[in-house]
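The values are calculated or read from the model by the stated rules, or taken from the named source; none is laboratory data. Given the structure is predicted, the values throughout are model-derived calculations rather than measurements. Here Cβ is always computed from backbone atoms with ideal geometry, including for glycine, and neighbour counts include all displayed protein chains. Only protein heavy atoms, including side chains, enter the accessible area calculation; ligands, DNA and RNA are left aside. Shrake-Rupley method; radii C 1.70, N 1.55, O 1.52, S 1.80 Å.
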Amino acid sequence: MNTQKLIEKARSAGIETIEIYIQKAEKESINVYEQKVDSFTIAQSGGLAIRGLYQGKMGYCFLEEDSDDNIDLCIEMIKSNAQAIESEDSAMIYQGDKNYPEIEKSVSHMSETSVTDKINFLKEVEEKLLNADERISQVMETMMESEKAETRIVNSLGMDISKSDEVCVFYANVLANEENDHKSAYEIRVLRDIEHYDVDAFVADLKNKVLSKLNAVQVKSGKYKVILKNEAMCSLLGALCGLFNGENVYKGISQLKDKCGEMIFDEKITIKDDPLKKDGLSSSPFDDEGVACFTKTIVDHGRLKMFLHNQKSAAMMKCESTGNGFKSGYASSVGISPTNFYIENGENSFDELLAIMKDGLVIDELNGLHAGLNPISTDFSLQASGYLVENGKITRPVNLITVAGNFLSMMKEVEAVGNDTYDSLSGISSPSLLLDELSISGE
């Protein structure tokens, strides 16, 4: 669509300001099972979200087809939609920033890699996993997913910005058996280059992960020192990002309301939101409202410094947007989302955390976050699994336990922070944390 033609026609029709948000994406998915291609799909998606300010109200129009033939229809839809709106909420289109940051990215060779080479790579992974140990009985899934996306925002105030991104991940899920015990485990990794990727290291990691879970037992119920492993900590932190959401704070549904400037966590905890992180899966030069992104310290050595905002919540709180206004799709409304949101590394290796703890539990997997976690009170009671630690050494796997506590209270009692950051695909990252005490229900 000729954006300038649309802008000119909109002005002539009495639309004061107008914004065109264009998103295009292409996804490719390959699944290999038992050395055969189980599925192969290529899908394209995207469209245009157009909004305009007409007689003081914001009207919207969503299109899948990028064609000039839709310009007149789009203008009429915006005017009609604006006239039907009764809300008094302030609506605005952002003028834009003078400068936008550049994101440093490692070169990816996956878009130029043939489908045949990708399939052969997955077959190699599957074969090596099956041969890694006789207790690995099945590779339940080996998959590769790639996505290329482009976003452009143009408005009548002079903004014309665009960005593109590409990511490829692969995934394997295995089943291991020993006597009557069956355990599964999976690994997901970002892939930029098939030719130089260390498949053997990936296979060894997944083999060790699944075999370490075999013959797990319960432990007695009680209070335990706990190392919340990095991957599990990412799951918990990601589920509670709403604590730092400016709109939730304004509405009083965040426990952190009125606590800016106060110590909310142990002084060992610093949390940042970094949209400029090199190779970050959620890195972006601007948000979906066109606001330039920048690195923010949310919690500084335990002290709450700020919240995350889009334009709407910033207006509510009488502050500036933090560049965290993002959509889940081109036709979705703008919400508030973190980018690369992480707890900073501490000084201790994982083995050092074990030695400091001496006796307790490592929890490396949390389940039931959708049901067992209250995002408002931050109370949680979750099914968990992990390992028993005795005299600073992991002695046996543990499962069929429930861990319970309160996130805000827990984060005030951090004994040590690891230096083993895990980067999840959702953009949440965390090292392992040694916690003073959590309630465990077992035997």
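Here are the numbers for the structure shown:
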item: Surface share of carbon and sulfur [accessible, 1.4 angstrom probe, percent] for the chain; result: 44 percent
item: Relative packing of 48-61, 167-180, which averages over residues the other C-beta atoms within 10 Å, highest first; result: 48-61, 167-180
item: Computed label-point distance, nm, for sites residue 92 and residue 316 using a 7 Å Cα→Cβ extension; result: 1.6 nm
item: Gain on full stretching of the segment that runs from residue 263 to residue 166 - 0.36 nm per residue minus C-alpha separation; result: 31.0 nm
item: Rounded to 10°, Cα long-axis angle of helix 71-84 versus longest principal axis of the chain; result: 80 degrees
item: Top of 85, 227, 394 by mean-square fluctuation, Gaussian network on the chain, Cα under 10 Å; result: 85
item: Cα Rg, Dmax, region 245-317, angstrom units; result: 13.3, 35
item: Which label in (1) 1.11; (2) 1.05; (3) 1.20 gives the computed Cα Rg over 2.2 N^0.38 Å; result: (1)
item: Shape call, region 392-439: gyration tensor on alpha carbons, a/c limit 1.5; result: rounded
item: Anisotropy class of region 144-269 from Cα gyration tensor, a/c 1.5 cut; result: oblate
item: Surface accessible to a 1.4 Å probe, per residue, for the residues of region 113-270, Å²; result: 47 Å²
item: For region 249-315, with +1 on Lys and Arg beta carbons and -1 on Asp and Glu, the positive-most of 281, 298, 250 along the dipole; result: 250
item: Förster radius 25 Å - calculated FRET efficiency between residue 220 and residue 297, Cβ distance, rounded to 0.05; result: 0.05
item: Charge dipole magnitude, Cβ of K and R +1, D and E -1 - region 1-140, Cα centre, debye nearest 20; result: 240 debye
item: Distance between modelled label sites at residue 376 and residue 9, nm, 7 Å Cα→Cβ extension; result: 4.7 nm
item: Estimated inter-spin distance, residue 208 and residue 140, nm [label 7 Å along Cα→Cβ]; result: 2.3 nm
item: Where only C-alpha atoms are counted, convex hull volume of region 347-443 per residue in Å³; result: 109 Å³
item: Rounded D (µm²/s) - region 105-172, Kirkwood Rh over Cα pairs, Stokes-Einstein at 20 °C, 1.002 mPa s; result: 142 µm²/s
item: 1.4 Å probe accessible area per residue over region 377-443, in Å²; result: 40 Å²
